[in-house]
Structures are given as structure tokens and as C-alpha cells.
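Note sheet for the following structure.
Where a number appears in this text, it was derived from the coordinates with a stated rule and is not lab data. Please read these numbers as outputs of a predicted model, since none were measured by experiment. Every residue, glycine among them, receives a Cβ derived from its backbone with ideal geometry; neighbour counts consider all protein chains shown.
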Amino acid sequence: MENRMRFNKKTSDYLIELLRSVINEDSPKEKPEGVDWDDIYSLALFHKVDEMAFHAISKLTGKPEGREALKWEKQHEKNQIVNMVQTGEGETIINEASARGIDILPLKGSVLKNIYPNPEFRQMGDLDYLVLSDESTMKEMGKLLHELGYEDGEGVGLEASHDVYIKPPYMEVEVHRRLLPTTEENHWHTDDIWDRLVKDEDNPHLMHMTPEDFYLFHLLHFEKHYSMGGSGIRSIIDQYYLMKNYGATMDFDYINKLLVKMNYVEFEAMCKNLAKAWFEDGLLNDELEQSAEYIINSGAFGTFEQYQKWRFEQYRKQGIKTKKGLFFRRMFMERERMENIYPSLKKHGWLLPFCWVHRLIKAVLFRRNKIKMEINSLRDKK
């Protein structure tokens, strides 16, 4: 989650133009007056769409020069290395898991990149996998990743919704016990996902979602980030390619019934309409303009400012009226929410204070920067 960033509309409009040209496989318009290459570069990185933007810029007559050009080229070289490492590591993890008889479902970016015309255009921060939630499977996945050189990151040993493993400088892997935490309102749709998965034709341990379930999971994941702190341009590009690749063949009777049940009808309409406006006809009404501005200012993973605003609003409804109250409630959550992180509390409630201390220690060790940001936010008197 990023700190707050603001960009003028000329800059964001031109970045959208560059991305639109790649999506439509045509030549981008030249950079207009009043748009700075440094701002385009910062905004593209903020949204993790710099590789796609670089491809568009390479077709311009008025390309960046000197220091500006070098910056883009170095980032492109880094993206090439990261993509190569992530692809190789992903194949190894799936092959090793399959060899051990572990059923494994790739999630999010590692699946989405395969529906882009050039997979390198879909940049990823990490690799995500779902496995069966029993502890023997989770421990076997941890052992596998340790053997591949990964270290324990956030969540390992806490029985949280996922465990994080890291291998510097480029690799982070999340191994999920479930697609959505039980605290999420629509977790009921993903709780039985294993009953609907499809086995790979060549690898019986490699699983796939149906296009309909993947589309719904994309919306669930996108909306979660959108409402909590924001989500960026990349998610709208994902939306566009999902519709382009599967829109004509998906069972929308099934999808629409579930969208109603999930209360996602309006959100899905916004995603589709904004994707169409940005990458096809360019027509944004006032409501879409507001959504577009929010997304532009959110970046790929949302901003800490918007996350804090959302979190404060949730707790305000529970009677917490100050940022200090919010911080201490976040550090010392109620038992019901802590049970999702520490399932043993369901039977042994007396462990709650010890779990608070354990969680705080893990936060200091693995989420130090975020804690600093939260503490700094307490000094904001607004």
C-alpha cells in the first residue's frame, strides 16, 4: 500500500492513451504540451503498468531522451528479469507441488497474464496459490518452498488465511488456505470452490477455475481493494481482457444471479463501463469520472490514506471516534476477528492476550513500515 500521490488530469489522460494504443494495437498520439515524462513514468510505476507504457512509448516520434530515456530503459530491463524469474519460479513451484501429490490452484496475476496478448505486459508483485486448507498440506508447501530457498514471511505459523514466503530480491509467494477470509461478506461463494475446479488436461494436480468463477473472483478481489484503499488502472485492464477473451462464452445467467446475491451489480457495471470508456469509445459520464479519478489516485494497491479513511469509517460505526482509538483497536482486535488469525482461540479464549502480543511482535518484525505509517497518521489532526 502506497503513500498518497496526486497527478493532474492531463498526465493521467495521456497514460490512458498510451495504454489504449497497446490494447488496440495502434499508434499512440504524441505527448501533448503540459505533460511531463517524469510524471508519466511515476504514474505508470504507481499503477504497475510501466511495461505496457514502455511498449507504447517505443512507437512515438517524440520519445523521452537522455536521462528520461535511460530511466525507462532500466525499468524495462528490470521488468524483463523479474518476469523471467517469476515465470521460472512459478513453473518450479507447480511442478514440485504436483510431484508431491499436492493439488494446487494458481490465482490472480499468474493466471491473468495469460489472457494478455503479451504476458509480459501484466506485471505481478507476487505469486498466489490456493491449496487444501489442512495443516499437513500447508506444512508440506512450506517445506517445499524452504527447499527452493524461500524464507518465512508474514502469517507463517499463525494459521491465517494465507502464508507468505519470500526469496529476495524478486520473489514473494502467498499460499492460501481459502480464497476469502470468513470475515468477508461473500466468502460463501468461495468456501466450496474445490467442488467446482477443473483439473488440467496434462497435470491432474494442477487446478483451474471455470471462466465464470474466475471472473467473479476477480470482481471480489478487485472490490475488496477498491473499497478498502483503492485499486488501480491495472485492474480495469484485467477487466477489459477478461471480457474480451471470455465475454462471448461465459454463462452470464449464472454470473448475474450471483452478482445480485453478492450485491455487486453496480460495481461490475462500473468496471465494464470504465474499461469500455478508457479503451474503446472514450465516453465518461460524471459518475464514471469520479470512479476514474479515485482509481487514478489509488495506484495498483491503493493508498494508505484511503485505506485509513475506509478503516476509520468502519470503526466509527462501532463508536470509535478518534484515530488513536482506531490504532489501538487495530492492534488489539476483538476475539471474533482474532479467531480468523488464531483458530485455537475458538476453544481457548484465555489465549487472547498472548495472541495480541504474538501478533504485535510479528507486525514489528514483518510490517514495520506500515506500523510507522499508522503511527505517523496519528499526528495528523485532521
**OP:** Anything over 24 Å Cα to Cα? Flag those among Lys59/Lys272; Lys10/Lys276; Lys78/Lys199; Lys78/Lys276; Lys31/Lys276, in the order listed.
**Re:** Lys59/Lys272; Lys78/Lys199; Lys78/Lys276
Original post:
What is segment 86-208's relative contact order, in percent, from Cα pairs under 8 angstrom and six or more apart in sequence?
Top reply: 25
Original post:
What is the sum of charges around Leu130, taking Lys and Arg as +1, Asp and Glu as -1, for the other residues whose C-beta is under 11 Å from the C-beta of Leu130?
Top reply: 0
**OP:** Could you please report the charge total around Ile255, scoring K, R as +1 and D, E as -1 over all other residues with beta-carbon less than 10 angstrom from its beta-carbon?
**Re:** -4
**OP:** With the cut-off at 21 Å, report for segment 144-252 the share of all Cα pairs above it, as a whole percent.
**Re:** 53
Original post:
In whole Å and largest first, what semi-axes does the C-alpha gyration tensor of segment 80-198 yield when each eigenvalue is scaled by 5 and square-rooted?
Top reply: 22, 18, 14
Original post:
Quick one: of the DSSP bridges fully inside segment 86-208, what percent are antiparallel, nearest 5?
Top reply: 70
